[in-house]
Amino acid sequence: MDELLAILNDINPDVDYETEDRLIDGKIFDSFSIISLISAISEAFDIELGPEHLIPENFNSAKAMWSMIQSVLDEE
């Protein structure tokens, strides 16, 4: 989770990722941030995120992203 938080802080250090749960719905992340985030997650965790993973619910909070990452890692 620390690696994910570091990635998120690189993208936008002004957000409290421990409590924020509307990163997408609240428009905290724009489309460029989301693309950067997907790329960084894929590279850092050596996973491939398919279209089924690219839904707002998976990116609204650090906790949701971590759960998605763990799920993809378990599938591999």
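Out of region 55-76, which residues are in contact (Cβ under 8 Å) with a residue 24 or more places away in the chain, among the hydrophobic types (A, V, I, L, M, F, W, C) and not in a helix (DSSP H, G or I)?
F59
Which number in (1) in a helix (DSSP H, G or I); (2) closer than 21 Å to R22 by Cβ; (3) not aliphatic (A, V, I, L, M) marks the one condition that E52 misses?
Condition (2) is where E52 drops out.
Picking from I24, I47, which residue would you name as being touching a Pro at 6+ places or on another chain (Cβ under 7 Å), modelled with pLDDT of 95 or more and in a loop (DSSP other than H, G, I, E, B)?
I24
Going through S36, S31 one at a time, which residue ends up being of a type in the set (S, T, Y) and touching a residue at least 24 places away in the same chain (Cβ under 8 Å)?
On inspection, the qualifying residue turns out to be S36.
Per-residue answers, yes or no, for (1) touching a helix residue (DSSP H, G or I) at 6+ places or on another chain (Cβ under 9 Å); (2) farther than 14 Å from E3 by Cα:
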site	(1), (2)
E20	yes, yes
I24	yes, yes
E52	no, yes
K63	no, no
S71	yes, yes
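On the given criteria, is D14 at pLDDT 95 or above, farther than 22 Å from D74 by Cβ, assigned to a helix (DSSP H, G or I) and out of contact with any Gly (no Cβ under 6 Å at 6 or more places or on another chain)?
Here the answer is no, as D14 does not meet what is asked.
The values are calculated or read from the model by the stated rules, or taken from the named source; none is laboratory data. Bear in mind that the values here come from a model prediction, so they are computed numbers and not experimental data. Glycine gets a Cβ as well: all are built from the backbone with ideal geometry, and neighbour counts include every protein chain shown.
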